[in-house]
Amino acid sequence: VDIVEMRKTGHHNKIHDLCVNTSTIASVLRLALLSAICLIVGTMIGSAVGPCLLIWAACGVLATLGALCYAELGTMITKSGGEYSYLTEAFGPLLAYLYSWTTVMVLKPSSFAIITLSFAEYAANPFYPGCTPPLVVIKCLAAVAIFMIVTVNCFSVKLANYVQNFFTVAKLFIILVIVVAGMVMLARGNTENLSNAFDGTSSSIGAIGLAFYNGLWAYDGWNQLNFITEELKQPSRNLPLAILIGIPLVCVCYVLVNVAYFSVMTATELLLSPAVALTFGDRVLYPLSWIVPLFVVLSTFGSANGSCFTAGRLAYVSGREGHMVKILSYISLKRYTPSPALMFNGILAIIYIIPADINTLINYFSFAQWVFYGLTALALIVMRFTRKELHRPVKVPIVIPGLIVLVSCYLVLAPIIDKPDMEYLYCTIFIFSGLLLYYPFVHRKVNWARKLMRPITMHLQLLMEVVPPEN
């Protein structure tokens, strides 16, 4: 029975009997190895900050080690949802719920907001030569970008995949242009900035931790494939291969691009520039400097698209498991996309861009994210002893997840010890505030909440033409 006919005939009570087979959903798009690499590279390479080449290289090594842990987890537990699925298997539903609560409500939409703010800043810069674009213009452009990306992802999974592949190629092209231009400048003898690259840097544990926050935020995306494991072709083969190809490629790109920046900019200029690539283009590529902001805009747009693509899957999986409102797990009857989850993520992202300062968002995002990265690495260690029967196509030395746990503890605690700010307390309070909702609505499943949500869910189904997936 078609949902539109139900709307016409008033058979609202039969809406809940409709479902979409999950194998049908998964068959709509199976990501091959190339598309998987494009998702990793395209999501990781967006816009980035930070002058220290050593930090960039160290962050790349750390991201690679973390991704290897996720390769073992993703091939061992072939469920979508990333950390959510692994925390459920290792520690039970409570910790997984706190992760989904924090990530769906804050981490994923704030990351989406950060990337689109960067997109808007680069897109607006050419129209305001010699000055900074007005904040209201940047935020309006970011909101338009969010709307466009959510629309594309709701319309078609395949279209979103094609968009991701195209923008990944575009960003690799502009990186090649910047690197080649930088090498030419170095060959001409512009090496003085590299010899003084580390002058005036701070060595405090808090400053180093915050530097890693910024660097690792630029590398964030190394876990993106784990959110869509069910949509990968041959995940036991393609997941680790995509990680081993994509992340070292990103690491090399970042280091070479920063070397190119240092060929014409001092560390101070690099930090003060609101759009580093644009400044580089004006100094090196004039009169063709316009290609830099154009391709950086394409790069950040592609990165935002990848973030939106995976964020919808987490909300979908947690809703399917009963840890989020049911409507978030529903699928478009015509498009086979998790449109309610995608729309919810987009709405939250627009809310976050209204008051947000990008640096505050990065620090807030990184603090909470590394709490869960550390717990996920710990889950890998725990399951080595509690789930020995699970098949592990990829098995990393146990010292690697142990190192990730230690680094996570450092990145979470060092900035707090060095400079305790209230934002860390707010973040912690928000994470545990999820318990106020977990006990009555998830653990006890109170009847009045079900009675309240049933008509709301039914009307949202009619409005969006979505149905629950078949278990």
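The values are calculated or read from the model by the stated rules, or taken from the named source; none is laboratory data. Please read all numbers here as calculations on a predicted model, not as lab measurements. Quick reminder, even Gly has a Cβ in these numbers, built from the backbone with ideal geometry, and neighbours come from all protein chains shown. SASA here: full protein model, heavy atoms, side chains in, ligands and nucleic acids out. Shrake-Rupley method; radii C 1.70, N 1.55, O 1.52, S 1.80 Å.
Results for (1) among the hydroxyl-bearing types (S, T, Y); (2) buried (at least 23 other Cβ atoms within 10 Å of the Cβ), shown as yes or no for each residue.
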position	(1), (2)
I247	no, yes
V250	no, yes
C253	no, no
L256	no, no
S263	yes, yes
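You will find that of I362, I353, I327, the residue that is at pLDDT 85 or above and surrounded by fewer than 24 Cβ atoms within 10 Å (Cβ to Cβ) is I327 and no other. Of the residues that sit in region 330-350 and are of a type in the set (A, V, I, L, M, F, W, C) and closer than 13 Å to N153 by Cα, which one is surrounded by the most Cβ atoms within 10 Å (Cβ to Cβ)? In this case the residue turns out to be A341.
Tell me, yes or no, whether region 237-244 has at least one residue that is within 18 Å of the chain's Cα centre (by Cα) and either β-branched (V, I, T) or closer than 15 Å to G182 by Cβ (or both). Yes: one or more hits.
Under 28 Å from S236 (Cβ atoms), open to solvent by 90 Å² or more (accessible area, probe 1.4 Å) and of a type in the set (D, E, K, R), is that true of K388? If you could, list the steps in order and put the result at the bottom.
Working: under 28 Å from S236 (Cβ atoms): yes; open to solvent by 90 Å² or more (accessible area, probe 1.4 Å): yes; of a type in the set (D, E, K, R): yes.
Answer is yes for this residue.
Looking across region 119-138, the residues that are open to solvent by 10 Å² or more (accessible area, probe 1.4 Å) and either part of a helix (DSSP H, G or I) or among the aromatic types (F, W, Y) (or both) come down to F119, E121, Y122, A123, N125, P126, F127, Y128, L135, V136, V137, I138. Count of region 278-324 residues, restricted to those that are modelled with pLDDT under 85 and part of a loop (DSSP other than H, G, I, E, B), is 6.
Among residues that are modelled with pLDDT of 90 or more and more than 16 Å from E89 (Cβ to Cβ), P401 is not included.
Pairing residues of region 100-126 that are touching a residue at least 12 places away in the same chain (Cβ under 8 Å) and among the acidic types (D, E) with residues that are surrounded by fewer than 24 Cβ atoms within 10 Å (Cβ to Cβ) and not in a helix (DSSP H, G or I), at Cβ distances under 9 Å and at least 6 apart in sequence or on separate chains, gives E121/S47; E121/T132; E121/P133; E121/P274; E121/A275.
Quick one: count up the residues across region 66-78 that are more than 16 Å from the chain's Cα centre (by Cα) and buried (at least 19 other Cβ atoms within 10 Å of the Cβ). Talk me through it step by step, then tell me what you get.
In the first step, residues of region 66-78 are kept if they are more than 16 Å from the chain's Cα centre (by Cα); the result is 68-69, 71-78.
Then drop every residue that is not buried (at least 19 other Cβ atoms within 10 Å of the Cβ), which leaves 68-69, 71-77.
Going through region 66-78 one residue at a time, the tally reaches 9.
Counting residues in region 41-62 that are at pLDDT 85 or above, part of a helix (DSSP H, G or I), surrounded by fewer than 24 Cβ atoms within 10 Å (Cβ to Cβ) and of a type outside the set (S, T, N, Q) gives one or more.
Quick grid of which residues meet (1) touching a Leu at 6+ places or on another chain (Cβ under 8 Å); (2) outside any helix (DSSP H, G or I); (3) open to solvent by 30 Å² or more (accessible area, probe 1.4 Å):
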| residue | (1), (2), (3) |
| --- | --- |
| R392 | no, yes, yes |
| C409 | no, no, yes |
| A414 | no, no, no |
| T428 | no, no, yes |
| F441 | no, no, yes |
| K451 | no, no, yes |
| H459 | no, no, yes |
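So that you can scan it fast, the table gives a plain yes or no per residue for (1) among the β-branched types (V, I, T); (2) closer than 24 Å to S318 by Cβ:
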position: M422; (1), (2): no, no
position: Y426; (1), (2): no, yes
position: F441; (1), (2): no, yes
position: V467; (1), (2): yes, yes
